[in-house]
Amino acid sequence: MFQRLAEQYRCLVQDLVMSLQALSSSLQSKGLAATCYVCGDGREGHGASFVADLGDGHMVRFLVSDFGISWVESRDGRELVKLEGAEAIQELQRVTLFLQNRVGPAVAVPLAPAA
């Protein structure tokens, strides 16, 4: 049972990494500042760091790896919100929808479901 759960989590991480890469590219094509750095080779640990500037000193950072999932939102360098796990994924979805409405449909990126 635990092997199966570990494999499902690895698949979730891979899905999130691909979604973050697509989201970053889509936001960049719309002229928004967003980056996605990927680490690992996909076999022994894999993850990504996604950062987007929402304007007015408002930044979001989403980290995903084999060790966990987290969301950090800050304004003017001060941390406002930190979420982990499923809550972090839900917040990423909420911000993605916000950005879709703000800059148009090209930001539509399907996010991996929260296992």
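Number of residues in segment 64-115 that are modelled with pLDDT under 90, among the basic types (Lys, Arg) and touching a strand residue (DSSP E or B) at 6+ places or on another chain (Cβ under 7 Å) equals 0. Taken together, the residues in segment 35-58 that are under 18 Å from residue 72 (Cβ atoms) and in a loop (DSSP other than H, G, I, E, B) amount to 2. Close contacts from segment 74-102, counting a first residue that is closer than 18 Å to residue 48 by Cβ and a second that is among the acidic types (Asp, Glu), with Cβ to Cβ under 9 Å and a gap of 6+ residues or different chains, come to 82/73; 83/73; 83/91; 91/73; 95/73.
Of the listed requirements (1) at pLDDT 90 or above; (2) surrounded by fewer than 16 Cβ atoms within 10 Å (Cβ to Cβ), residue 41 misses just one: (1). For first residues located in segment 1-26 and of a type in the set (Ser, Thr, Tyr), partners that are surrounded by fewer than 16 Cβ atoms within 10 Å (Cβ to Cβ) and outside any helix (DSSP H, G or I) and lie 6+ apart or on another chain with Cβ distances below 8 Å form the pairs 9/66; 9/115; 19/110; 24/35; 26/108.
Only one entry of 92, 32, 12, 27 meets the criterion of being assigned to a loop (DSSP other than H, G, I, E, B) and buried (at least 17 other Cβ atoms within 10 Å of the Cβ), and that entry is 32.
The values are calculated or read from the model by the stated rules, or taken from the named source; none is laboratory data. The model shown is predicted, which means the values in this text are computed figures rather than measured ones. Using ideal geometry, Cβ is built from the backbone for each residue, glycine included, and neighbour counts are taken over all protein chains shown.
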